[in-house]
Amino acid sequence: MYNFDFARPDTLQDAQAALRADDAQALGGGQTLIPTLKQRLAAPAILVSLTAIPELKGICLADDGRLCIGGATTHATVAREAAAHYPALAQLAGNIGDPAVRNRGTIGGSLANNDPSACYPAAVLASGATVITDRQEVAADDYFQGMFATALGEGEIITEVRFPVPQAANYQKFVQPASRFALVGVFVARFAHGVRVAVTGASEGGVFRWHKAEAALGDDFRAEALGDLAVEADGMIGDLHGTPEYRAHLVRVLTGRAVTAAA
Amino acid sequence: MTVAKPLPHDAALLHVTGQARYVDDIPAPVGTLHLAFGLSAVAHGRITGMDLDAVRAAPGVVAVLTAEDLPFANDVSPGAHDEPLLADGTVHYVGQPIFLVVAETHLAARKAARLGRITYEELPALLTIDQALAADSRFESGPRIWSRGDAAAAIAIAPRMIEGTMEIGGQEHFYLEGQAAFALPQENGDVVVQSSTQHPTEIQHKVAEALGLPMSGVRVEVRRMGGGFGGKESQGNALAVACAVAARATGRPCKMRYDRDDDMVITGKRHDFRISYRVGYDDQGRVQGIEFLHLVRCGWAMDLSLPVADRAMLHADNAYFLPHVRIESHRLRTNTQSATAFRGFGGPQGIVAVERVMDHIAHTLNRDPLEVRQANFYAPDGSQSTPYGMRVTDSIIGDLAARLAETSDYHARRRAVAEWNATNPVLKKGIALTPVKFGISFTLSHLNQAGALVHVYQDGSIHLNHGGTEMGQGLFQKVAQVAAAGFGVDISRVRISATDTGKVPNTSATAASSGSDLNGMAVKAAVDTIRQRLAEMLAQEHQCAPADVHFADDRVTVGGADYTFEEVIHRAYTQRISLSATGFYKTPDLSWDRIKGQGRPFFYFAYGAAVSEVVLDTLTGESRILRTDILHDVGASLNPALDIGQVEGGFVQGAGWLTTEELVWDDKGRLRTHAPSTYKIPACGDRPRVFNVALWDGPNRADTIYKSKAVGEPPFMHGISVLMALSDAVAACGPDYPALDGPATAERLLRAVRRQVGHEL
Amino acid sequence: MNITLRVNGESHDLDLDPRVSLLDALRHHLHLTGTKKGCDHGQCGACTVLLNGRRINACLTLACMHDGDDITTIEGIGADGLTPLQQAFIEHDGFQCGYCTPGQICSAVGMAEELRQGWPSHVTDDLTADPELTRDEIAERMSGNLCRCSCYPGIVNAIRQSLGEQA
């Protein structure tokens, strides 16, 4: 690891101040960032831990029915406390990594990193959630900007994520067995005004919406409605865990299964 | 009697309280230095420049050593002298150690090691079996060929013939405790080494060579390993030698452990094989003639590749009589990690190929593969012999497999699987029963020897030492049970001590499943010596024969007298009778010519069989093991609890090898699967949903320690039942024989399914 | 930087480089070597410890993040006599080489507490119901702790027995 300073503020204001330093880096639960630091893939001058700020933690239901999750809320907490409001989201959170990871990893950390194989981006995009930071509110469609790229600026902090709760939803994940990240993950959410399908793990462009499937499912929310729709293998990730063809195939299979499970 | 009891591991209490010490847990003296290697970034090349200034200048660095700085031998090979500790001008694989950093902390050493600037003139790298074959890059001058009869002629006249090829992947040991060593300089230039090794004598030998010392100047101690599986038979040499050399250079204690990624990149793994077969058989599936071609990827140095490849040939028959047979084996040299010992030592690769053949034959005949296997089993009457001319006099495989078929309800479940498959289009099930016959003994016959040292102290407590090492297999407890049984005392009286080259010299590696067989007998010999002295003492006093002195239940009885064990020991001490003895054992009746492929390399065979049932998702390729039943032959078990643990663990590790454990190298020869995030070993959820393990209840026919059988490696091969069950499930999707390679990953399974339905992925 | 770690009920004032992982702080600075370094990347679970009662990988967190936190390591479990869980591990042969055992036990302790508090896992069918102690449930809840010797049957049986005794 490169050398760095460390700060653990207990208010958002102090965190913002700390993050104004050159090469400052926000730190959530550290489940991705710390391995990255160990591999010397990141070199911050100061790490600002967000885990001691009470206002960034917790889950509540807003007056408009949206589910609000604080940026520093752990996966384990989401798995438990979102269950009554948004079961598909809770189920997704409860299947990230393993229990020790879920006890530390946070939704804000996951979204800020935007790993192409992370689970949360699929839920946020399929739900049409809003990512709220200390500077702006960003619609999911604008937030994800490719592998590891987001609408966040330097030192920006995700304070909250607001999820519209769909009428029906399901997340299907094909795990890369060694890391338990998603080799492919598909989140399907059905709202009164339409269906959203978001795919993680598969594309070189990061999480994406499968618009053709959304259109087909909007008319007929059954797996059969997908017919012989398929995503192109071109542009899918090819690595030691799966070829682009395999990932493209899984996108289709998992989408069908998610629809069946949600319906 | 203390043998045959299901006692827990000797260090059970230490393990559950975190008090059990491994090498890296031993408190290091103040001033201990830490080591790290600088590694080759290319698969093959001549080193044209080494700029290590930045390494030397890095904080905390005390010394940096290259091949030129080594005082004596620059070799860490187990025999061929082809494996320098530090590269001597040419590098042969990505990850080969080039220079050694000695620093104040582990982190400082690792950080500094990254600062080396090595320039290379890159040479063509041979990475694959095909590349090595084309370049005729091999160990030994040509292929080894063993045969009996005329296989080609028998195949030509047989009613039926098939041929095929199977790719069999390697396997990373992933011992949870990485390689580690610690060297403490002594007066007079001597050194004491703590090492996580299965082979303390080899560490002693290599350290002595590296320091220019006689072996008597080096003492190696091993209390335990956090797993070995063969990966610590030769692969610990480099760390121990590095520590010893650095300790000599600095005069300070030196410790080295590989971080996980380095461990996976530097050390050798299970050999991957490509095995082709051509077999002629009759309408019952009986083999008339068979030819195997083994292509073995050995990596850059010889290491243990010759005996590994030999053992694969020695297990080409598994439990089947092959009347006319020819086995050709090419040991190919590639620019990758030097493949090494791994549980089964080539046996699993040889066996999985002949199991594929049985499965393939059955598919062409549309018969239950179990019937075909049974038609080819070695007869129980001792009338048949192996391809290498050893008569199989102890075959119980027919009865054992029949009993397992019955207890596992194989036939009814096979019908149920067929019914399920007829009505379920997406989830397909498969079931398979595979046997194991595994030869027990080192094939290098002189290694089949062991020593022990037993002391009885004045208070009746017993100190036990032997040449075997403890890596979790429970050897220490079994051997302690042997000692306690010999003296007729409770096991709590026996203190098991670290393996120590200063106590028992010239030991063989704890390998080839031989630990209990060899060391148990050696301990028994030592115990018998002391007991005989005690018996003679008492016999003289009581005017009877020594045989009339009985040791049982912590008491000694003779004539009408009844003594406590302590009383007898105290009496012996005051009568000036030695209460210390060494024991020695060598396995009898071995003779083996590995060039001709003829003889009796094994003392006996261990048998077993497994039935696995799987379910396969034909839309994704995911699979699960629903149920596994194993019946395994450990002779008269020394400790049923430990033996069942070995059987369960061996099976799961074998199933991992053939399903999820995939090693991937890129086209530059870089290992891409060098962390647990990319290399998948079985987790808790990967064990069978239903898992029944039973031990066969017959004693060993050979005269082994309390008629037990070796258990370390044989159960590993039960994992093959999972691959064959998966093949059965894929076969249910279409007309063709699936011909699965190992490991059968989800994507490979999906591709096999898609081929069956005529739609390539 | 200066921090205070409360480990197994005892406070330790440490002056640590901020890069030091909690695992290295325990092993190298406090000489508590029961917590093992298996992979150092949060994938094997050998370094599992309890942080304020919840299990975490000690290699995936920095010591400086835990100023004032309560940490329990294997040395703090059963220090006054073996717990039923530890006894069950011995009884059911829940280990071979033992290297993963401290992590397995810490993880199982954390798991028992999570169960008691009703934390769900993804194999729990009804996310709002009390999770049952099926073998699959335990397998999922122990999925972060690898055992290369594959003593999983013994580990699961030990956990089931000890949880049964607690119930």
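Derivation of every value follows stated rules applied to the coordinates shown; laboratory data play no part. Just so you know, these numbers come straight off a predicted model, no measurement behind them. Virtual Cβ from ideal backbone geometry, glycine too; neighbours counted across all protein chains shown.
Quick notes on this structure:
- Put a plus charge on the Cβ of each Lys and Arg, a minus charge on the Cβ of each Asp and Glu, and nothing anywhere else: the dipole of the protein assembly as shown about its Cα centre is then about 1560 debye.
- Cut-off under 5 Å, modelled amide H: who pairs with B:M166 long-range: B:I275, B:S276
- Charge dipole (debye, nearest 20) of region B:1-94; +1 at Cβ of Lys and Arg, -1 at Cβ of Asp and Glu: 380 debye
- Backbone geometry of region A:117-127 corresponds, through the Karplus equation with coefficients 6.51, -1.76 and 1.60 at θ = phi - 60°, to 3J(HN,Hα) couplings of 10, 6, 7, 3, x, 5, 5, 5, 6, 5, 7 Hz, x marking Gly and Pro.
- Choice from A:A21, A:A88, A:A140 showing the highest fluctuation, given a GNM over chain A with Cα pairs closer than 10 Å: A:A21
- Amide proton proximity set for B:I98, modelled H, under 5 Å, gap of 5+: B:G38, B:L39, B:S40, B:A87
- Distribution of pairwise C-alpha distances over chain B, 10 Å bins, in %: 3, 14, 23, 24, 19, 11, 5, 1, 0
- Relative contact order of chain A: 15 percent, from C-alpha pairs under 8 Å at least 6 residues apart in sequence.
- Per the Kirkwood formula applied to alpha carbons, region C:2-76 shows a radius of gyration over Rh ratio, Rg over Rh, of 0.91.
- Averaged over peptide C:82-95, the number of partner chain Cβ atoms lying within 10 Å of each residue's Cβ comes to 4.
- Estimated 222 nm signal from helices in chain B, with DSSP H stretches of n ≥ 4 weighted -39500 (n - 2.57), rounded to 500: -9000 deg cm²/dmol
- Order by protection proxy (mean Cβ within 10 Å, highest first), peptides B:445-455, B:123-133, B:429-439: B:429-439, B:445-455, B:123-133
- Our coupling estimate for region A:189-200, obtained by passing each phi through the Karplus curve with A = 6.51, B = -1.76, C = 1.60 and θ = phi - 60°, is 10, 10, 10, 4, 9, x, 10, 10, 10, 10, 10, 10 Hz, Gly and Pro reported as x.
- Low-density loop cleavage sites - trypsin sites (Lys or Arg not before Pro) in region A:1-77, where at most 14 other Cβ are within 10 Å (DSSP): A:R20, A:R40
- Computed from the C-beta positions of C:H31 and B:R495, the FRET efficiency with R₀ = 30 Å rounds to 0.75.
- With the cut-off at under 20 Å, measuring from each backbone N in region B:26-44 to a point 7 Å along the Cα-to-Cβ line of B:R117 picks out B:38-42.
- Using a Gaussian network model of chain A in which every pair of alpha carbons under 10 angstrom is joined by a spring, one finds that among A:V199, A:V131, A:V175 the greatest mean-square fluctuation is at A:V175.
- Distance in nm between pseudo-label sites at A:Q13 and B:D399 (7 Å out along the Cβ direction from Cα): 8.5 nm
- On Cα atoms only, tilt of C:101-116 relative to the major axis of chain C in degrees: 70 degrees
- Across A:T106, A:T73, A:T11, mean-square fluctuation computed from a Gaussian network of chain A (C-alpha pairs under 10 Å connected) peaks at A:T11.
- Computed FRET value (nearest 0.05) for B:D53 with B:E187, which takes r as the C-beta separation and R₀ as 41 Å: 0.70
- Cysteines in chain B lacking any other cysteine Cβ under 4.7 Å from their own Cβ: B:C298, B:C544, B:C684, B:C733.
- Sequence-distant residues sharing a close amide H with A:D5 (under 5 Å, placed H): A:I46, A:L47
- Residue by residue, region B:419-432 carries 3J(HN,Hα) couplings of 5, 4, 5, 5, 10, 10, x, 9, 8, 10, 9, x, 9, 8 Hz when phi is fed to the Karplus relation 6.51 cos²θ - 1.76 cosθ + 1.60 (θ = phi - 60°); x denotes Gly or Pro.
- Dimensionless Rg/Rh of the protein assembly as shown - Kirkwood Rh, Rg from C-alpha atoms: 0.97
- Only helices enter this figure: runs of n ≥ 4 DSSP H residues, each worth -39500 (n - 2.57), summed and divided by the residues of chain C, yield -8500 deg cm²/dmol at 222 nm to the nearest 500.
- Chain A: calculated mean residue ellipticity at 222 nm from DSSP helix runs of at least 4, using -39500 (n - 2.57): -8000 deg cm²/dmol
- For region B:619-667 versus region B:272-302, the gap between their alpha-carbon centres in whole angstrom: 23 Å
- Region B:668-740-region A:209-263 distance, computed between alpha-carbon centres (Å): 34 Å
- Selection among B:Y378, B:F716, B:A244 by position relative to the dipole of chain B gives B:F716 as farthest towards the positive end (Cβ unit charges, Cα centre).
- Average Cα contact separation per residue, chain B, under 8 Å, 6 or more apart, as relative contact order %: 15 percent
- Normalised by the number of residues in region A:168-262, the average gap of Cα pairs under 8 Å and 6 or more apart makes the relative contact order 31 percent.
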